[in-house]
Amino acid sequence: MKISFLRILFVLTLSILIMSACDHKHFIDDESYRKEVQQDFAARKNLAANRSLQLFDVFDQKITTEEREALEFLYAYMPYSDLADYDGAYFLDQVRYAFKARDYFSWGKTIPEDIFRHFVLVYRVNNENLDTARRVIFNEIKDRVKDLSMYDAALEVNHWCHEKVTYRPSDGRTSSSLATIKTAFGRCGEESTFTVTAMRAVGIPARQCYTPRWAHTDDNHAWVEVWVDGKWYFMGACEPDAALNMGWFATPSTRAMMVHSNAYGKYIGTEEINHRTDLFSRINMLYNYTNTKSITIIVKDEKGNLLNDATVKFKLYNYAEYYPIATRKTDEKGEASLTTGFGDLLIWASKDGNYAYSKIDVRQQDTLELTLNHRAGAEYVELFEIVPPVALPNKVTVDKEKEAENNRRLQYEDSIRNAYISTFPTEIYTQQIKNENLTPKRIWHFILKSEGNYAEIEKFLNQNAKPVDGFYLDKFLAALSDKDLRDTQADVLQQHITVYKEGIYPLDVYLKGIMPARISNELIRPWRAFLNAAFSAIFETKPTVNQLIEWTNANIKIDSEGNYFNCPLSPRGVFELRHSDRHSCNIFFVAVCRSLAIPAYLDNATNQLFVYENDTWQMIAFDAEKQPEPTGTLVLEYNGKEAITPEYWIHYTIAKFENGDFVTFDYENDSRVANFPATLALEQGYYLLSTGNRYHDGTTLSRVEFFNVKAGESVKKTIELRELIPRDESYGFIDLNHEIEVEEKKMLVSDLAKNNELILCFIDPTREPTKHLFKDITAHKAQFDEWSGNFLFVIPSDKYTVDFDVRRWNLPKNSLFIVDQNASWMHRILTVTNQEFRENYPLVFIVNQQGKLVFKTEGYRIGTGELLFKSL
């Protein structure tokens with residue numbers, strides 16, 4: 001009995017010692033790094049003192065040393081958005097589930113501390129709205145991947161992601177992962193955010209990769225890298241392949257000039273750092289994808305002196321502007337360097353208002369010297385020809401059997417997702433929703449757009465089923481974005497209901513400056529009642545606009561680095577934290593005004609604030625030294641030489657000179673530039689009109705015009721697109737007597753090309769590039785409907801899925817679809833014409849009436865629809 005008692009006592013003592021050791025295990029082993037984190041945490045804690053209770057009371061709970069240090073790391077480098085809008089319980093839950101995944105999966109113990117710290121523990125991927133996806137995903141898929149190798153687990157998680165989400169373009173606000181699941185769609189930034197979240201949920205280190213802008217075509221792209229057994233691999237988000245380091249973007253990425261990712265906290269890795277602050281690093285991963293070269297820019301003043309701390313921007317033509325893919329400061333030798341690809345860049349250097357620029361051909365040059373001899377005011381035109389890198393071969397391929405098996409899985413996963421989507425309401429379902437403020441057609445319109453969030457929108461409609469004087473339900477819902485309808489809760493919308501009262505200001509002013517729940521690109525959250533109560537307590541009587549400006553300047557500290565992920569703070573979060581970036585503060589100010597019944601809005605094209613005072617809309621500014629300038633008028637005209645009317649961002653942009661560089665306005669989908677002539681009221685200043693025209697190989701003919709807008713005067717500018725010089729191209733001939741079966745009718749290819757040219761498209765409808773092709777062609781449906789030729793879309797049998805529904809794309813009426821068994825016809829064409837094809841769909845040809853292939857483009861490309869029409 002005595003021996004038994006001693007044995008039990010020994011076991012209990014040993015257990016207590018083991019538990020005590022676990023409680024005191026460090027999360028950060030390096031003592032010097034740990035002390036640095038603790039110092040940074042103390043500074044961040046002091047900064048967030050106004051939200052101390054919400055954020056830091058978790059440290060009063062019983063938590064382990066490991067949990068405490070992990071929390072301190074997260075807080076030490078946390079962006080303002082997260083300090084402002086979330087609480088300590090949320091972050092503790094993130095820490096605990098990160099550790100739970102590490103301990104649950106066999107690969108957890110193989111991950112180095114620094115890799116785990118920066119690429120598993122971190123709860124945020126980019127600028128998404130946060131949720132509890134880590135907990136939800138871990139519980140759902142932990143047993144599905146537990147017994148797999150780390151490599152196979154990464155592939156399997158991506159298959160699970162594909163079951164939940166597929167690609168569809170949307171606006172720039174990034175939905176949370178659970179909201180993306182609810183909708184079953186997301187743009188590449190949302191798919192990659194969701195996939196990184198899923199990987200981290202099961203303890204696989206992951207990071208989102210971006211090419212900030214493509215070199216060979218407009219737009220950008222995001223995908224995922226995963227750390228597996230000591231090495232980083234890439235994958236397409238929600239686009240699983242049979243192996244890692246595969247994806248439709250594998251070839252396009254070899255033409256990139258930059259691929260980067262954000263690393264949370266003080267990251268010490270082997271990658272080149274494009275940008276580093278005390279809170280995060282932007283790392284250059286281009287070497288993982290293509291051949292690279294280091295270039296050096298030397299900056300001097302007009303006297304020939306080397307300039308330290310000059311700003312150097314490495315710019316790439318994309319969407320009719322020169323976009324900075326990286327920004328560096330010169331060192332004491334006047335030098336700034338970057339590792340990039342073998343294509344053309346425009347280098348822009350500036351300091352103290354002086355600037356200089358020049359094109360660099362990285363294929364031929366590794367050094368460029370700039371003298372800052374330009375100043376604002378000179379009016380002239382510059383022409384550039386910008387050539388992108390050439391494509392390189394794919395690095396990884398798999399055998400046909402593995403590819404076929406993967407394709408079968410993709411089709412099955414499509415069916416799972418489509419079965420879920422089929423549960424969304426139909427128009428018949430909405431007939432049971434009774435609302436006296438909306439017609440049945442409008443009810444169906446809003447329910448259809450809400451997709452997986454339909455229950456919340458239906459709830460909101462039911463809450464507001466009866467008419468209320470001064471409440472405009474249809475206009476309130478129409479002011480929301482499609483994404484708002486997909487991820488905003490009914491109770492949040494309900495808190496934004498206001499009522500128009502006649503006699504205070506005109507109805508159109510109310511509809512623009514008071515009613516909308518949306519201000520810019522923020523997640524809609526409740527703020528009206530809170531801000532009204534807060535400012536009613538601050539001011540004894542209703543404050544003036546000037547008083548609100550003074551209060552904001554005195555109480556909200558602005559900086560450009562603290563909210564580095566650029567996820568807007570909520571208006572309430574700005575008020576509580578008292579720290580903000582400029583954009584979030586602008587949103588906050590509009591919200592304060594609206595909560596106090598002062599009409600206000602943010603012009604999202606120019607980022608200018610407007611309030612309604614003295615019976616007119618007035619531009620305001622916070623900086624006393626930078627008050628709004630008097631305005632002049634810019635009239636944009638178009639000479640009509642092109643068959644397709646130029647569009648903003650696609651063909652041209654306007655930018656204003658500020659602090660040594662031009663800042664582009666965002667007039668996308670803006671009614672002010674919908675038709676020509678377009679008349680814009682602009683502050684007096686120095687401006688840039690940029691236009692461009694691309695060949696199908698990605699080479700761009702660029703034109704930039706520098707001009708002035710003077711107060712009270714009107715200036716006219718013509719949109720000029722440089723003419724593409726026709727190239728005598730031939731890619732061989734095809735057999736027009738080849739027999740195909742279209743809609744159960746046999747015919748010859750010549751039957752489709754007898755009246756005009758034939759546009760022949762080999763496609764993979766499950767992948768993003770083909771969806772972009774459909775979108776581009778649909779954008780020019782009216783022109784193609786008038787054309788007398790045909791589209792023939794050919795789907796290789798291994799890419800075909802029964803769930804593919806062409807009707808959702810609204811393609812031109814002369815569009816036909818066939819399935820190519822084993823891609824035999826496509827391979828025959830490629831063999832006869834001696835062409836190489838790297839599964840880089842879509843593959844698009846124009847075939848003339850003699851069977852000659854006179855045009856070819858393949859892979860990811862924005863604007864193919866327009867280019868096809870111009871080439872006919």
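Okay, here's what the table says:
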quantity: Subset tally (residues that are acidic (Asp, Glu) and buried (at least 16 other Cβ atoms within 10 Å of the Cβ)) for region 643-665; calculated: 2
quantity: Cβ pairs under 7 Å, 6+ apart, first in region 46-66 and in a helix (DSSP H, G or I), second surrounded by fewer than 17 Cβ atoms within 10 Å (Cβ to Cβ) and acidic (Asp, Glu); calculated: GLN54/ASP87; LEU55/ASP87; THR65/ASP23
quantity: Scope region 719-747; condition out of contact with any Pro (no Cβ under 7 Å at 6 or more places or on another chain), in a loop (DSSP other than H, G, I, E, B) and not acidic (Asp, Glu); matching residues; calculated: ARG722, LEU724, ILE725, PRO726, ARG727, SER730, TYR731, GLY732, ILE734, LEU736, ASN737, HIS738
quantity: Helices (runs of 4 or more DSSP H) fully within region 124-197 counting 1 or more residues that are more than 30 Å from ALA84 (Cα to Cα) and without any contact (Cβ under 8 Å) to a residue 24 or more places away in the chain; calculated: 133-145, 150-164
quantity: ARG282 vs. criteria among the basic types (Lys, Arg), under 30 Å from TYR75 (Cβ atoms) and surrounded by 19 or more Cβ atoms within 10 Å (Cβ to Cβ); calculated: yes
quantity: Wholly within region 774-872, strands (runs of 3 or more DSSP E) carrying at least 1 residues that are more than 26 Å from ALA643 (Cβ to Cβ) and open to solvent by less than 50 Å² (accessible area, probe 1.4 Å); calculated: 790-796, 815-820
quantity: Residue ranges of helices (runs of 4 or more DSSP H) in region 458-531 with at least 3 members within 21 Å of ASN604 (Cβ to Cβ); calculated: 473-478, 482-487, 507-513
quantity: Residue that is surrounded by fewer than 17 Cβ atoms within 10 Å (Cβ to Cβ), more than 23 Å from PRO526 (Cβ to Cβ) and among the basic types (Lys, Arg), where the choices are LYS441, LYS475; calculated: LYS441
quantity: Helices (runs of 4 or more DSSP H) enclosed by region 77-123 - at least 2 residues per element that are open to solvent by 20 Å² or more (accessible area, probe 1.4 Å) and at pLDDT 95 or above; calculated: 88-104, 113-119
quantity: Residue tally, condition surrounded by fewer than 24 Cβ atoms within 10 Å (Cβ to Cβ) and under 10 Å from the mean Cα position of the chain (by Cα), over region 190-215; calculated: 2
quantity: Counted residues, region 542-557 - those being over 16 Å from VAL611 (Cα atoms) and touching a residue at least 60 places away in the same chain (Cβ under 8 Å); calculated: 1
quantity: From the options LYS359, LYS329, LYS293, residue that is surrounded by fewer than 21 Cβ atoms within 10 Å (Cβ to Cβ), among the basic types (Lys, Arg) and over 30 Å from PHE119 (Cβ atoms); calculated: LYS359
quantity: Number of the condition not met by ASN406 [criteria: (1) of a type outside the set (Ser, Thr, Tyr); (2) in a strand (DSSP E or B); (3) open to solvent by less than 40 Å² (accessible area, probe 1.4 Å)]; calculated: (2)
quantity: One residue from THR292, THR277 being farther than 21 Å from PHE73 by Cβ and not aliphatic (A, V, I, L, M); calculated: THR292
quantity: Hits in region 125-150 (condition: surrounded by 17 or more Cβ atoms within 10 Å (Cβ to Cβ) and either hydroxyl-bearing (Ser, Thr, Tyr) or in contact with a strand residue (DSSP E or B) (Cβ under 7 Å, 6 or more places away or on another chain) (or both)); calculated: VAL125, ASN126, MET150
quantity: Selection status of GLU413, modelled with pLDDT of 95 or more, charged (D, E, K, R) and in a helix (DSSP H, G or I); calculated: yes
quantity: Residue identified as at pLDDT 90 or above, out of contact with any His (no Cβ under 7 Å at 6 or more places or on another chain), open to solvent by less than 90 Å² (accessible area, probe 1.4 Å) and of a type in the set (S, T, N, Q) among SER32, SER15; calculated: SER32
quantity: Residue in region 647-664 that is among the small types (Gly, Ala, Ser), in a loop (DSSP other than H, G, I, E, B) and without any contact (Cβ under 8 Å) to a residue 24 or more places away in the chain present; calculated: no
quantity: Within region 537-558, tally of residues that are assigned to a helix (DSSP H, G or I) and open to solvent by less than 90 Å² (accessible area, probe 1.4 Å); calculated: 11
quantity: Residue within region 429-450 that is more than 29 Å from the chain's Cα centre (by Cα) and among the acidic types (Asp, Glu) present; calculated: yes
quantity: For SER750: the one exception among (1) at pLDDT 90 or above; (2) assigned to a helix (DSSP H, G or I); (3) open to solvent by 40 Å² or more (accessible area, probe 1.4 Å); (4) more than 13 Å from THR864 (Cβ to Cβ); calculated: (3)
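Yes/no per residue for (1) among the β-branched types (Val, Ile, Thr); (2) in contact with a strand residue (DSSP E or B) (Cβ under 7 Å, 6 or more places away or on another chain); (3) open to solvent by less than 50 Å² (accessible area, probe 1.4 Å):
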site: VAL390; (1), (2), (3): yes, no, no
site: LEU410; (1), (2), (3): no, no, yes
site: GLU413; (1), (2), (3): no, no, yes
site: PHE446; (1), (2), (3): no, no, yes
site: TYR454; (1), (2), (3): no, no, no
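This table checks each residue for (1) modelled with pLDDT of 95 or more; (2) among the basic types (Lys, Arg); (3) open to solvent by less than 10 Å² (accessible area, probe 1.4 Å).
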site: GLN489; (1), (2), (3): yes, no, no
site: GLN495; (1), (2), (3): yes, no, no
site: VAL499; (1), (2), (3): yes, no, no
site: ILE504; (1), (2), (3): no, no, no
site: LEU511; (1), (2), (3): yes, no, no
site: ALA517; (1), (2), (3): yes, no, yes
site: GLU522; (1), (2), (3): yes, no, yes
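The values are calculated or read from the model by the stated rules, or taken from the named source; none is laboratory data. Here the structure is a predicted model, which is why all the values come from computation and not from measurement. Note: ideal-geometry Cβ built from the backbone for every residue, glycine included; neighbour counts use all protein chains shown. Areas reflect the complete protein model, heavy atoms only, side chains present, ligands, DNA and RNA absent. Shrake-Rupley method; radii C 1.70, N 1.55, O 1.52, S 1.80 Å.
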